[in-house]
Amino acid sequence: MSTRSLVSPEASKRFDVLRTLLVVFVIGIHAEKGLQAYYSAMPEALNVYLAIFPHNVFRLAVPLFFAVSGYLFFLTYKPDAASYGRMIVKKTKSILVPFLIFNAITLILIKVFNKVPYIGDFHAIDADGYLKLLIGIYRYPVVYTLWFLRDLYVYFLLAPVFYVFSKEMPLTGLVACWAAWMFLPQGRIPIELSGLVFFYGGCVLARTRADLDGLARFAWPVGLGYLALMAVTATYECLYGCQSYYHILYRNSMILGVLTVWLVSAWPPLRDAVMLRRLAATSFFVYLTHEPVLSYLIYGTRFVFKPSGTVVGIAYMLLLTALTYALCHGLARLLERFAPRVYAVATGAR
């Protein structure tokens, strides 16, 4: 039985729409590098925009990807050795292989050209070595945006542990994941803890067969709660920076934010947006390739971009996001048509 057959048609539409929107959000997060490259000092109004959107709203993309991945995976998960072995082979092909391919390509670019702008140079290779940069051991991989795939693969390896917790003590397990994310020192752990609570949360929703479409009645209280907490978090960042209580505020606002984005996706004009659903087919490839495409665009625009205030800065980030998405999507379509086997390997035969 296919996973999609276990969710309602409405939820299936929402998953497709979110695949497109969340990839745009991911690019939008990293487009801030363009400002960091060219602004010696950020205008105050631009800092407010960054605190609200790239630092809060857009950053809901990755935790929601973790939640959706956990939910869809555990809808069909079978707790036996044979199924586990087949799953590892499948996830190695669909997640680990693309992860290694694109990190390896970037390492080759650095080796040949001495650097990839705003990603790394030969000094990073001398300091950490190829293997550490390829896999991302106690640091981000060389393509830093792909840390999500590294962690997702580890969570799939730990599927039996999540399954036992979701069966024996689902809510206690959720509290334990939340506490680990909030209070464990990240530096001693080789993967990011940010996805733990969301992947496991998706697991609990799947195991309890929660009615995802029935959450609409909570839209207003959840949405207003998120806006309030996000406003407090953004204000705190603007006043005090990302220190002290900021991380507690930020992480808890993400939980409400993920729920809010899911609830907003039920809005008919968004849920039924045909273009967004069609674009979902290339979303994984766009995610894989948006770096270093984005970094090369930032590097290339040094000849034409002159920072001059808030409006220009916001427009620059939005244009970088749109152009990066368009180039990566176009490359996906070209490979699909003229080199389908290459495209299949690059995207894990999706």
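Here are some notes:
- The listed residue being assigned to a helix (DSSP H, G or I) and in contact with a His (Cβ under 8 Å, 6 or more places away or on another chain), out of V17, V57, V48, V26: V26
- M182 vs. criteria over 21 Å from L263 (Cβ atoms) and either of a type in the set (A, V, I, L, M, F, W, C) or out of contact with any Ser or Thr (no Cβ under 7 Å at 6 or more places or on another chain) (or both): yes
- Output for region 330-349, where each listed residue is aliphatic (A, V, I, L, M), surrounded by fewer than 12 Cβ atoms within 10 Å (Cβ to Cβ) and over 19 Å from I95 (Cα atoms): L334
- Output for region 151-175, where each listed residue is within 26 Å of L294 (Cβ to Cβ) and surrounded by fewer than 22 Cβ atoms within 10 Å (Cβ to Cβ): D151, Y153, V154
- Out of V62, V23, V48, V68, sole residue that is surrounded by fewer than 19 Cβ atoms within 10 Å (Cβ to Cβ), more than 20 Å from F305 (Cα to Cα), of a type in the set (A, V, I, L, M, F, W, C) and out of contact with any strand residue (DSSP E or B) (no Cβ under 7 Å at 6 or more places or on another chain): V48
- Hits in region 131-163 - residues which are outside any loop (DSSP other than H, G, I, E, B), touching a residue at least 40 places away in the same chain (Cβ under 8 Å) and of a type outside the set (F, W, Y): T145, L146, L149, R150, D151, L152, L157, A159, P160
- Hey, P98 assigned to a helix (DSSP H, G or I), loosely packed, with under 14 Cβ neighbours inside 10 Å and touching a residue at least 60 places away in the same chain (Cβ under 8 Å) or not: no
- Qualifying residue in region 246-254 (condition: more than 21 Å from E44 (Cα to Cα), of a type in the set (K, R) and surrounded by fewer than 15 Cβ atoms within 10 Å (Cβ to Cβ)): no
- Residue in region 269-309 that is nearest to T106 (Cα to Cα), counting only those that are surrounded by 17 or more Cβ atoms within 10 Å (Cβ to Cβ) and among the charged types (D, E, K, R): E291
Every number in this text was worked out from the coordinates using simple rules, so none of it is lab data. As the structure is a prediction and not an experimental result, all values here were calculated from the model. All Cβ positions, even for glycine, are placed from backbone atoms using ideal geometry, and neighbour counts span all protein chains on display.
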